[in-house]
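Colleague: Following this message is one structure expressed as structure tokens.
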Amino acid sequence: MEDEIINVNVYKPIYKKTHIQIATFFGGPLAIVYILAENFRQLGYPEKIRKTWIIGIGLCLIFIGLTYFTSRSGKVPNFIIPVICILIGTAIMQSWQGEDIEQHVKEGGPVYPVWRALLVGIISLVITLVFMIILFLLLFNIFNFSLQD
């Protein structure tokens, strides 16, 4: 593993662990997917970008569905869901990109400012809310879905 050459472009800025935590707190799983894909692009792994988006969007949909059903049960405290999301995002970043990020920073590569991670989180939140509103409108109008038990 130590002999493996890691392809790192030290001239392009990347996101670090604190960035994914901030963005995920505000923007949920969509922020995780964006930051991971952007880091893969900046680190020079274009083949991993599409795979990240496909798997990530699928997991976002599953996470949103699970969030809906766990919040309806009333047994899971509301703060647990963002904490779980942050822990998952941090673990994935460390597992998939940890060595590359460490090398990038060690070689003096630039890092995005924290405000950009906050912006990613806010934009991800808006996109997620718009998606959920459209989804609920479709469920209410087409399938006569009701929130009442």
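The values are calculated or read from the model by the stated rules, or taken from the named source; none is laboratory data. These numbers come from a predicted model, not from an experiment. Backbone-built Cβ (ideal geometry, glycine too); neighbour counts: all protein chains shown.
Colleague: Limited to the range 94-149, what total is found for residues that are among the hydroxyl-bearing types (Ser, Thr, Tyr), in a helix (DSSP H, G or I) and farther than 30 Å from residue 11 by Cβ?
Modeller: Narrowing the range 94-149 to residues among the hydroxyl-bearing types (Ser, Thr, Tyr): 95, 112, 124, 128, 146.
From what is left, the residues that are in a helix (DSSP H, G or I) are 95, 124, 128.
Okay, now just the ones that are also farther than 30 Å from residue 11 by Cβ, so 128.
Residues meeting the conditions: 1.
Colleague: Every residue in the range 54-87 that is more than 20 Å from residue 22 (Cα to Cα) and surrounded by fewer than 12 Cβ atoms within 10 Å (Cβ to Cβ), please. Break it down stepwise before answering.
Modeller: Our first condition is that a residue be more than 20 Å from residue 22 (Cα to Cα); within the range 54-87, this holds for 54-55, 58, 61-62, 65-66, 68-77.
Those that are more than 20 Å from residue 22 (Cα to Cα) and surrounded by fewer than 12 Cβ atoms within 10 Å (Cβ to Cβ): 54, 58, 62, 65, 69, 72, 73, 74, 75, 77.
Residue by residue, here is whether (1) within 17 Å of residue 127 (Cβ to Cβ); (2) β-branched (Val, Ile, Thr); (3) at pLDDT below 95 holds:
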position	(1), (2), (3)
33	yes, yes, no
55	no, yes, no
61	yes, no, yes
75	no, no, yes
87	no, no, no
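Colleague: Are any residues in the range 1-30 among the aliphatic types (A, V, I, L, M), out of contact with any Pro (no Cβ under 9 Å at 6 or more places or on another chain) and either modelled with pLDDT of 95 or more or part of a strand (DSSP E or B) (or both), and if so, which ones? Full working, then the answer.
Modeller: Here is the first cut: in the range 1-30, the residues among the aliphatic types (A, V, I, L, M) are 1, 5-6, 8, 10, 14, 20, 22-23, 30.
Among the residues that remain, those that are also out of contact with any Pro (no Cβ under 9 Å at 6 or more places or on another chain) are: 1, 5-6, 8, 20, 22-23, 30.
Once the filter is applied, which keeps residues that are among the aliphatic types (A, V, I, L, M), out of contact with any Pro (no Cβ under 9 Å at 6 or more places or on another chain) and either modelled with pLDDT of 95 or more or part of a strand (DSSP E or B) (or both), the range 1-30 yields 20, 22, 23, 30.
Colleague: Could you grab the pairs with beta carbons closer than 8 Å, sequence gap of 6+ or different chains, first residue in the range 20-32 and more than 13 Å from residue 61 (Cβ to Cβ) and polar (S, T, N, Q), second one at pLDDT 95 or above and outside any helix (DSSP H, G or I)?
Modeller: Within 8 Å, no pair qualifies.
Colleague: Among the residues of the range 83-92, is any free of Cβ contacts under 8 Å to residues at least 60 places away in the same chain and polar (S, T, N, Q)? First the steps, then the outcome.
Modeller: First, pick out the residues of the range 83-92 that are free of Cβ contacts under 8 Å to residues at least 60 places away in the same chain: 83-84, 87-88, 91.
Of the ones still in play, those that are also polar (S, T, N, Q) are none.
No, there is no match, as no residue in the range 83-92 is free of Cβ contacts under 8 Å to residues at least 60 places away in the same chain and polar (S, T, N, Q).
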